[in-house]
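A quick write-up on the structure given underneath.
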Amino acid sequence: MMLDESSFDVTAAPGIKVPAGYTDYFKSADGRRRSFVAEATGGPTWYTEFNVLTGLSARSFGDLKFYVTRIAAGRVTRGLPAALQRCGYRTVSLYPTYGDFLSARSFQQALGVDEFIDMAAMGVDEDMQPDSFYFDQALKVFSHQVSARAPLFMFLYLTANHFPWTDVYKPELTPDWKPPGNSAEIDEYIRRQSVTAHDYGEFIARLKRDYPDESFLIVRFGDHQPAISQKMIEPGIDRAHLAKRLMSADQRYYATYYAIDAVNFRPADLSSALDRLDAAYLPIVIQDAAGVPLDPSFVEQKSILLRCKGAFYACNKGAEARRFNRLLIDAGLIKGL
């Protein structure tokens, strides 16, 4: 599972110029482009981190959602890592900053992450590294784990496309770059996306070359739109109307992308991989695609997914999410909340 920092398809905004082949990166292996609806825009990443690990909505926490990972740490134990762990998976998180940030380590370990590798454990003291660095870290983990013959789940974060885009980040990575002709800030954003696409392609090539007998499922997603998208989606909109759009969770400002790729593997079931999907449903997509049987809580949530056509918290004015939260509390999978 790959968190693609601040990434979305900028062609969703009017008048943006992009390089040839730009939109190919956002396609899954089956050629489809799918929309991922986050619960944050312009940041913060940890809302989406909560969504994709627990399968729940940060919006259920109301005005306290900013502290969602701190509040949930040790209290929410239902989620994707634990479900995979019960099926024999080893679970690893490659976390790009210090593990005590927003209680990330304790939050993820309570959800079933066996090995939490933070920035310090990776041997760096800056949390914004080229994407190739994190792909190399993933390959190091694979080299140690493949011999164990147990299936492995990894949560991989990328960071190079983090704000600000007013500075050129590592220009040596793109010596032949030609700006497509937008503002300098937007062109820098697109340039960094091109580096991600290149490094991801190299990563896939390494998997094919180094592990010809292993199967890999890769599900990647943009964790939220960048802050600059608010200048792009509706150019010239005044601040008051923009605030109304954001407060009403207008999907134009919250939709990014998710894509499903595979190496030496055919996804088992893509019935839950709808063209538009709320972030909280991504654990179901991953388990279905991997061919992992859903536990009773995810079976129930998949029925909500299909009934609500990919919407979660907004479905039936929040009634579905509230009912589901109560079921988890009664089952002892959410405690003390």
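The values are calculated or read from the model by the stated rules, or taken from the named source; none is laboratory data. Note that the structure is predicted; figures quoted are calculated from it, not measured. Quick reminder, even Gly has a Cβ in these numbers, built from the backbone with ideal geometry, and neighbours come from all protein chains shown. With ligands, DNA and RNA removed, areas are computed over all heavy atoms of the protein, side chains included. Shrake-Rupley method; radii C 1.70, N 1.55, O 1.52, S 1.80 Å.
What's the total number of residues in the range 221-277 that are of a type in the set (S, T, N, Q) and open to solvent by 20 Å² or more (accessible area, probe 1.4 Å)? Before the answer, list the steps.
Of the residues in the range 221-277, the ones of a type in the set (S, T, N, Q) are 225, 229-230, 248, 251, 256, 264, 271-272.
This time we only want the ones that are open to solvent by 20 Å² or more (accessible area, probe 1.4 Å), so: 230, 248, 251, 264, 271.
Going through the range 221-277 one residue at a time, the tally reaches 5.
Among the residues of the range 174-217, what is the count of those that are more than 24 Å from the chain's Cα centre (by Cα) and either within 30 Å of Asn264 (Cβ to Cβ) or among the β-branched types (Val, Ile, Thr) (or both)? Steps first, answer last, please.
The first filter runs over the range 174-217 and keeps only residues more than 24 Å from the chain's Cα centre (by Cα), leaving 174-184, 209-213.
Pick out the ones that are also either within 30 Å of Asn264 (Cβ to Cβ) or among the β-branched types (Val, Ile, Thr) (or both) and you get 174, 209-213.
Count: 6.
Report every pair of residues separated by at least 6 positions or lying on different chains whose Cβ atoms are under 6 Å apart, first residue within the range 92-105 and without any contact (Cβ under 8 Å) to a residue 40 or more places away in the chain and closer than 14 Å to Ala73 by Cβ, second open to solvent by less than 20 Å² (accessible area, probe 1.4 Å) and in a loop (DSSP other than H, G, I, E, B).
The qualifying pairs are Gly99/Asp118; Arg105/Gly99.
Based on what the data block shows, is Gly291 over 23 Å from Glu49 (Cβ atoms) and of a type outside the set (Lys, Arg)?
Numbers: over 23 Å from Glu49 (Cβ atoms): yes; of a type outside the set (Lys, Arg): yes.
Against the criterion (over 23 Å from Glu49 (Cβ atoms) and of a type outside the set (Lys, Arg)), Gly291 qualifies.
Scan the range 46-63 and tell me whether some residue there is outside any strand (DSSP E or B), of a type in the set (A, V, I, L, M) and more than 21 Å from Leu274 (Cβ to Cβ). So that I can check it myself, show each step before the final result.
Restricting attention to the range 46-63, the residues satisfying the condition of being outside any strand (DSSP E or B) are 46-63.
Checking the rest, the ones that are also of a type in the set (A, V, I, L, M) come to 52-53, 56, 58.
Those still in the list that are more than 21 Å from Leu274 (Cβ to Cβ) too: none.
No, the range 46-63 contains no residue that is outside any strand (DSSP E or B), of a type in the set (A, V, I, L, M) and more than 21 Å from Leu274 (Cβ to Cβ).
Among the charged types (D, E, K, R) and closer than 19 Å to Ser35 by Cβ: which single residue out of Arg326, Arg252 fits that description?
Details: Arg326 fails: closer than 19 Å to Ser35 by Cβ.
None of the others qualify; the one that does is Arg252.
Would you point out which residue out of Tyr211, Tyr189, Tyr200 is hydroxyl-bearing (Ser, Thr, Tyr), touching a strand residue (DSSP E or B) at 6+ places or on another chain (Cβ under 8 Å) and surrounded by 17 or more Cβ atoms within 10 Å (Cβ to Cβ)? Break it down stepwise before answering.
Numbers: Tyr211 fails: surrounded by 17 or more Cβ atoms within 10 Å (Cβ to Cβ); Tyr189 fails: touching a strand residue (DSSP E or B) at 6+ places or on another chain (Cβ under 8 Å).
None of the other options fit; the residue is Tyr200.
Just checking, how many residues over the range 246-276 are within 17 Å of Phe26 (Cα to Cα) and among the charged types (D, E, K, R)?
4
Those residues that are open to solvent by less than 50 Å² (accessible area, probe 1.4 Å), more than 12 Å from Phe155 (Cβ to Cβ) and part of a loop (DSSP other than H, G, I, E, B), I need them from the range 90-103; list them, please.
First, the residues of the range 90-103 that are open to solvent by less than 50 Å² (accessible area, probe 1.4 Å): 91-97, 99, 102-103.
In the following step, the residues that additionally are more than 12 Å from Phe155 (Cβ to Cβ) were identified as 97, 99, 102-103.
Correct list: Thr97, Gly99.
Can you tell me which residue in the range 294-331 is surrounded by the most Cβ atoms within 10 Å (Cβ to Cβ), limited to those that are assigned to a helix (DSSP H, G or I) and of a type in the set (Phe, Trp, Tyr)?
Kept after step one, since they are assigned to a helix (DSSP H, G or I), are these residues of the range 294-331: 296-307, 315-330.
Those left that are additionally of a type in the set (Phe, Trp, Tyr): 298, 324.
On the way: Phe298: 23, Phe324: 21.
Per the criteria, the residue is Phe298.
At least 2 residues that are closer than 25 Å to Asp199 by Cα, touching a Phe, Trp or Tyr at 6+ places or on another chain (Cβ under 9 Å) and open to solvent by 20 Å² or more (accessible area, probe 1.4 Å) in each: list the helices (runs of 4 or more DSSP H) lying fully within the range 104-157 that qualify. Working first, answer last.
On the way: elements: 104-110, 119-122, 131-145.
Result: 119-122, 131-145.
Residues checked against (1) closer than 25 Å to Ala58 by Cα; (2) assigned to a helix (DSSP H, G or I):
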{"position": "Lys231", "(1), (2)": "no, yes"}
{"position": "Glu234", "(1), (2)": "no, no"}
{"position": "Ile237", "(1), (2)": "no, no"}
{"position": "Ile260", "(1), (2)": "yes, no"}
{"position": "Leu277", "(1), (2)": "yes, no"}
{"position": "Ala280", "(1), (2)": "yes, yes"}
{"position": "Ile286", "(1), (2)": "yes, yes"}
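Select from the range 64-81 the residues that are assigned to a helix (DSSP H, G or I) and open to solvent by less than 10 Å² (accessible area, probe 1.4 Å) and write down the one among them that is nearest to Ala279 (Cα to Cα).
In this case the residue turns out to be Leu80.
Could we say that Ala243 is within 25 Å of Ala58 (Cα to Cα), of a type in the set (Gly, Ala, Ser) and assigned to a loop (DSSP other than H, G, I, E, B) here?
On the way: within 25 Å of Ala58 (Cα to Cα): yes; of a type in the set (Gly, Ala, Ser): yes; assigned to a loop (DSSP other than H, G, I, E, B): no.
The answer is no for Ala243.
State yes or no: is Ile334 under 22 Å from Tyr47 (Cβ atoms) and either crowded, with 21+ Cβ neighbours inside 10 Å or in contact with a strand residue (DSSP E or B) (Cβ under 9 Å, 6 or more places away or on another chain) (or both)?
Working: under 22 Å from Tyr47 (Cβ atoms): yes; either crowded, with 21+ Cβ neighbours inside 10 Å or in contact with a strand residue (DSSP E or B) (Cβ under 9 Å, 6 or more places away or on another chain) (or both): yes.
Here the answer is yes, as Ile334 does meet what is asked.
Evaluate the following for Leu84: is it touching a helix residue (DSSP H, G or I) at 6+ places or on another chain (Cβ under 9 Å), farther than 17 Å from Leu3 by Cα and assigned to a helix (DSSP H, G or I)?
Values: touching a helix residue (DSSP H, G or I) at 6+ places or on another chain (Cβ under 9 Å): yes; farther than 17 Å from Leu3 by Cα: yes; assigned to a helix (DSSP H, G or I): yes.
It is true that Leu84 is touching a helix residue (DSSP H, G or I) at 6+ places or on another chain (Cβ under 9 Å), farther than 17 Å from Leu3 by Cα and assigned to a helix (DSSP H, G or I).
Considering the range 176-186 alone, what residues qualify as being over 26 Å from Val37 (Cβ atoms) and either open to solvent by less than 20 Å² (accessible area, probe 1.4 Å) or assigned to a loop (DSSP other than H, G, I, E, B) (or both)?
Matches in the range 176-186: Asp176, Trp177, Lys178, Pro179, Pro180, Gly181, Ser183.
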